[in-house]
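Quick note: the coordinates plus some simple rules give every number you see, no bench work behind them. This structure is a prediction, so every number in the text was calculated from the model and none was measured. Virtual Cβ from ideal backbone geometry, glycine too; neighbours counted across all protein chains shown.
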Amino acid sequence: MLDRSLFKGTGVAIVTPFQKDGKIDWLSFEKIINHIIDGGCNYIVVLGTTGESATIHGKEKQEVFSFVNKINNKRIALVAGIGGNDTHEILAAFKSFDLTGYDAILSVSPYYNKPNQEGIFQHYKLLDEATPLPIIMYNVPGRTGQNVTAETQLRIAENCKNIFATKEASGNFDQIMQIIKYKPTNFMVISGDDGITLPMIACGADGVISVVANAYPNNFSSMVKLCLEGDFAAAKILHYKYIDIINSMFAEGSPSGVKAFLTEMGLCENYFRMPVWPVSENHLEKIKELMNRHDSN
């Protein structure tokens, strides 16, 4: 039986740190994992978009899944990012990966192919029938090129019993409210956008899968907790403290922005796998100014 309380609050779409030669920086990875857990977050999403999953393949993916499980050591819940635009490749991945220590899978809606809504439903229906773990579906039309409509998400929620939540990153509040209003009682709606997490929880969402919490896990998870407790007056103070930081993390692409923050904090080096590239020098100076302002308040 799935314990949904594990996913109420702040999940973190963790970065994957690299060395200059492109190899995974395991020492920095351990530091970031501990930084997130010590910051009071509720779960970690491994190899999502922020983890540069598009350039990590096969055996290396398994190494990442296993490493995070080892370092986490059952302290908080773990979610494995397993998605793509080839349904049968995902089904094969479900069979091939050892997901010991993981509690759920995050699976993004198919990208690039731009399937129609029936294709998206049939995709998730096959995943639902074959999955080894409960699934969080992920709607992020800004990256996939295709919105999963409220009607389709509700159809999935009603018919795919192993899909227990949606990470909603459309930014469309009419769509978000339609999902929250008409969803089954135990189906969870999770914010996929840090900057609108507060109003989404006010509308009835259950938390966030966050990018900013890689860098600021303590205050951001505290903001989410205050929202879930209904203390929006206190939550707004933290929300507005971080809104400029959040915007700066996405201004020149993610994870370029968040890794710039983590590098300045000494948690990892500012390396990526192409085509991801560091933020510009001008933007880095803006980030440093924001960090200095944050630390002085």
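General remarks:
- S107 in a strand (DSSP E or B) and small (G, A, S): yes
- The residue of segment 1-10 that is nearest to the chain's Cα centre (by Cα), among those that are part of a helix (DSSP H, G or I) and touching a residue at least 12 places away in the same chain (Cβ under 8 Å), is F7.
- Every pair of residues 6+ apart whose Cβ atoms lie under 6 Å, when the first sits in segment 201-218 and is surrounded by fewer than 24 Cβ atoms within 10 Å (Cβ to Cβ) while the second is of a type in the set (K, R): D206/K8
- Any hit, segment 127-137, residues being assigned to a strand (DSSP E or B) and without any contact (Cβ under 8 Å) to a residue 60 or more places away in the chain: yes
- Considered as a group, the residues in segment 187-200 that are within 16 Å of A104 (Cβ to Cβ) and not small (G, A, S) include one that is surrounded by the most Cβ atoms within 10 Å (Cβ to Cβ), and that residue is I190.
- Of all residues in segment 240-275, those satisfying the criterion of being surrounded by fewer than 17 Cβ atoms within 10 Å (Cβ to Cβ), of a type outside the set (F, W, Y) and within 26 Å of T197 (Cα to Cα) are K241, I243, D244, N247, A251, G253, E264, M265.
- Across segment 208-239, the qualifying residues are those that are of a type in the set (G, A, S) and touching a helix residue (DSSP H, G or I) at 6+ places or on another chain (Cβ under 7 Å), and the one among them that is farthest from I196 (Cα to Cα) is A215.
- Any chance R155 is in contact (Cβ under 8 Å) with a residue 60 or more places away in the chain and part of a helix (DSSP H, G or I): no
- Number of residues in segment 29-56 that are part of a loop (DSSP other than H, G, I, E, B) and closer than 29 Å to N85 by Cα equals 5.
- Residue list for segment 65-99, filter: touching a Phe, Trp or Tyr at 6+ places or on another chain (Cβ under 9 Å) and exposed (fewer than 12 other Cβ atoms within 10 Å of the Cβ): D98
- Out of T197, T166, one residue alone is assigned to a helix (DSSP H, G or I), without any contact (Cβ under 8 Å) to a residue 60 or more places away in the chain and either hydroxyl-bearing (S, T, Y) or at positive phi (or both). It is T197.
- In segment 11-28, the residues that are closer than 24 Å to S210 by Cα and either part of a strand (DSSP E or B) or out of contact with any helix residue (DSSP H, G or I) (no Cβ under 9 Å at 6 or more places or on another chain) (or both): G11, V12, A13, F18, I24, D25, L27
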